[in-house]
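K.L.:
Please read through the structure below; I'll follow up with questions.
Bear in mind that the values in this text are calculations on the coordinates, not laboratory data. The structure displayed is predicted, hence computed values, not measured ones. Backbone-built Cβ (ideal geometry, glycine too); neighbour counts: all protein chains shown.
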Amino acid sequence: CEVTGSTEGIIIVKEASPESSQTFGFTGTGSLGSFSLTDDGSTSNYTSFNPTNGSYTVEETVPSGWDLISISCTDPSGGTTTDMENGEAVIDFDNNEAIVCIFTNEEQPTTGSITIVKVANPEGEQEFDFVPSFDDEFVLTDDGESDDYLMTFEGVSTGEHTVTETIPNEDWSLTDISCD
C-alpha cells in the first residue's frame, strides 16, 4: 500500500494469503479502539484513523488456522516499531505524518503428505504390516533387492497422527524410529 499526496493519519492494512473471507480482529489503544479487517479481494482491506499526536498500539488477534507472518510499517519519523511475538505495532504518530502498517497473514495448510520408510536388516523376503491413524492398513514388503521400502500418503489432514508397525515374528525386533 502506498500513501501519496497530503494524506495524513494512521492506515492499517490487512493482507491475507490466499485472499479469504476470514475476518481478522484488531485492538487499538486510545481512539483507535477495536476493529476488524478482511482481505477477500472485493472489499476494502484497510482502515484509517486521524488521531492526535501520541503513541498508539495496534494488536492483531490471529484466528485459528492462520499465521501472522509479517508486520511492516512506514513511518517518516522512524518512531514506529513492530513486535511479531505479540502481533503488534507500536505507532509513534506526529501531526502531518502518514503511517501505514501492513499486517500479513498466511493460511496454514490443511493437508500434507506423510511418507513411511522401512529399512530392513538383513534383507530378505518379509512383509511388514503398518496401521496409520489417517488411512487403511498397508504392507511394505522386503523384496531382498532394495534397502528401503516406502509408502507415501498425500492429502493427509494437518495435525498429530500415529503409525503402528506390527513386528512380523520373533526373529525381528524394532531397533529405531525417527521422524522428520
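K.L.:
Which chymotrypsin sites (Phe, Trp or Tyr not before Pro) in segment 57-152 sit in a loop by DSSP (not H, G, I, E or B) and have at most 15 other Cβ atoms within 10 Å of their own Cβ?
P.N.:
Phe134
K.L.:
Using θ = phi - 60° and the Karplus curve 6.51 cos²θ - 1.76 cosθ + 1.60, what whole-Hz ³J(HN,Hα) does each residue of segment 73-87 get, with Gly and Pro shown as x?
P.N.:
Coupling constants for segment 73-87: 10, 9, 9, x, 8, x, x, 8, 10, 10, 9, 4, 4, 9, x Hz.
K.L.:
Just want to confirm a number: the relative contact order over the chain, from Cα pairs under 8 angstrom separated by 6+ residues, in percent.
P.N.:
19
K.L.:
Continuing with this model, one more query. Residue-wise, which Karplus ³J(HN,Hα) couplings in Hz belong to segment 155-166, taking 6.51 cos²θ - 1.76 cosθ + 1.60, θ = phi - 60°, and x for glycine or proline?
P.N.:
After applying 6.51 cos²θ - 1.76 cosθ + 1.60, I find x, 7, 5, 5, x, 8, 9, 10, 9, 10, 9, 9 Hz.
K.L.:
Then there is this: If you take the beta carbon distance between Glu145 and Thr166 as r and set R0 to 22 Å, what does 1/(1 + (r/R0)^6) give as a FRET efficiency, to the nearest 0.05?
P.N.:
It comes to 0.45.
K.L.:
Can you tell me the length gained on complete extension of the stretch Phe35 to Asn95, counting 0.36 nm per residue apart and subtracting the Cα distance?
P.N.:
Between Phe35 and Asn95, full extension yields 19.3 nm more.
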